[in-house]
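Student: I have a structure here, written as C-alpha cells, and I will follow up with some questions on it.
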Amino acid sequence: MITRTPGATLRVERLPAFTDNYIWLIHDDTDAIVVDPGDAAVTIAALTRYGVKLRAILVTHHHPDHTGGVLALKARTGATVYAPAAEAGRIAGIDHAVTDGESLAFTAPALVGVQVLAVPGHTLGHVAYHDPANGWLFCGDTLFSGGCGRLFEGTAAQMYASLQRLAALPGDTQVYCAHEYTVANLRFAHALEPENPRVGAALANAEAQRSRGAATVPSTIQAERAINPFLRCDAATPTAAIEIFAARRRQKDAFTA
C-alpha cells in the first residue's frame, strides 16, 4: 500500500475468480486499473464495492481466464485495453498493443512508468507489467509462488530466460501472479529438495494459510529466489541450466501431490 497524497492511497486488491484465478485491481479510491479480468462480473462487483471508475485494463496473455471479461468491461466503462502486440490477433478489444521495453504512464490512478516486459514461454506473446516505483510485478502465468507456468506455446529456453529476467528484479518486488497454485508448487519443490528447510517452512506456511481460506500471494522476488526450483536451476553453463529447467518442468507436469 503506497500513500500518494494526503487522503489518497493507492491499493492493490485481490479478486478471486473461477476456481483459482486472481484478478488484480489497482485503485486510489477514485480510479482503477484491472489486470487480467477473466470474469467481468467479479470485476464489476469490485468496482461497485470500492466505488471506483475503471480507466485501464492490462492483459498479460490471450488465455480466456485472463481475457474473458475484457469486452464487457470495456463496453460498460470505456476503459482503455492494453495487451501484448504479439497476441493482438487473439485478444479482442485491444486499444493499445504493448511491446517489450515500453513504458506506460497512468495518471488516474497515478502509476508512473509501468514497464512492459516480454516473458514468452507459457504463451509466445506473454508480457508482464512491472511498476518499479511501487515495487509491483503483475506476471500473469509466467512466475508463480514456488513455480512457473506450463509451456503451452514457448520453449524451455524461452521460459528459462523469462524467469531469469524476473528473478533479476529487486528482491522486495511484490509478485502478483494470476493463480493460487502455491501449495501444489511447493509440494513439488519439497519432493525435489526434501532436506531444504526454506522450502519445507514455506510449504507448511502455505498449507496453513490455505486451511484458513487465506491467499498465499503476493510473494516477493527474494522469497522466490529461495524456494522456487525453477529459479534455481544452477549449472556450469546456460545450456545445462536450460536442460535442468526443462527436466523439472516435465517432472512438474507429471507430478501429483
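Student: Springs between alpha-carbon atoms under 10 Å, Gaussian network over the chain: tell me which of Ala235, Ala157, Ala32 tops the mean-square fluctuations.
Tutor: Ala235
Student: Let me ask something else about it. Kindly express, to the nearest 10 degrees and within the range 0 to 90, the angle between helix 156-167's C-alpha long axis and the longest C-alpha principal axis of the chain.
Tutor: Here the helix axis deviates by roughly 70 degrees.
Student: How big is D, in µm² s⁻¹, for the chain by Stokes-Einstein at 20 °C and 1.002 mPa s if Rh is the Kirkwood radius over C-alpha pairs?
Tutor: Numbers: Rh = 18.5 Å.
In µm²/s, the coefficient is 116.
Student: Over the range 2-254, what is the mean sequence separation of C-alpha contacts under 8 Å (at least six apart), divided by residue count, expressed as relative contact order in percent? Mind showing how you got there, number by number?
Tutor: Details: 526 pairs, mean separation 32.0, N = 253.
Result for the range 2-254 is 13 percent.
Student: Give, as a single signed number, the net charge of other residues whose beta carbon lies under 11 Å from the beta carbon of Gly69, with Lys and Arg counted +1 and Asp and Glu -1. Show your work: numbers first, answer last.
Tutor: Details: positive: Lys74, Arg76; negative: Asp36, Asp39, Asp65.
Here the count lands on -1.
Student: Considering all projection directions equally, how large on average is the shadow of the alpha-carbon convex hull of the range 166-243, in square nanometres?
Tutor: Working: hull surface 22.9 nm².
Approximately 5.7 nm², given one-decimal rounding.
Student: Rg(Cα) of the range 34-158 divided by 2.2 N^0.38 Å? Before the final figure, lay out the partial values.
Tutor: On the way: Rg = 14.1 Å, N = 125, 2.2 N^0.38 = 13.8 Å.
Taking the Cα Rg and dividing by 2.2 N^0.38 Å, one obtains 1.02.
Student: With angles folded into 0 to 90 degrees, how steeply does helix 182-192 sit against the dominant principal axis of the chain? Use alpha carbons for both and round to 10.
Tutor: Tilt relative to the chain: about 20 degrees.
Student: What order, most packed first, do the peptides 219-225, 106-112 have when packing is the mean number of other Cβ atoms within 10 Å of each residue? Don't skip to the end; give the middle numbers.
Tutor: On the way: 219-225: 19.1, 106-112: 16.1.
Most protected by this proxy first, the peptides run 219-225, 106-112.
Student: Right, something else. Around Pro120, what is the net charge, scoring Lys/Arg as +1 and Asp/Glu as -1 over all other residues with Cβ under 12 Å from its Cβ?
Tutor: Details: positive: Arg165; negative: Glu87, Asp100, Asp141, Glu153.
Once all neighbours under 12 Å are counted, the net charge is -3.
Student: Something else about it: Please give the peptides 85-92, 126-133 ranked by average Cβ packing (other Cβ atoms within 10 Å per residue), highest first, as a rough proxy for protection. Write out the running numbers ahead of the final one.
Tutor: Values: 85-92: 16.4, 126-133: 23.2.
Going from most to least packed, we get 126-133, 85-92.
Student: Choose one of Gly125, Trp24, Cys233: the residue whose Cα lies farthest towards the positive end of the charge dipole of the range 2-254 (beta-carbon charges +1 Lys, Arg; -1 Asp, Glu; about the Cα centre).
Tutor: Positive-most Cα among the choices belongs to Trp24.
Student: I've got another one for you. How far is helix 238-254 tilted off the main Cα axis of the chain, in degrees rounded to 10, range 0 to 90?
Tutor: 80 degrees
Student: To continue, here is another question. Taking H placed 1.01 Å from N in the peptide plane, check which residues at least 5 places from His179 or on another chain put their amide H under 5 Å from its amide H.
Tutor: Tyr22
Throughout, read-outs are computed from the coordinates displayed, never taken from laboratory work. Because the structure is predicted, anything quoted here is derived from the model rather than measured. Glycine also receives a Cβ, built like all others from the backbone with ideal geometry; neighbour counts cover every protein chain displayed.
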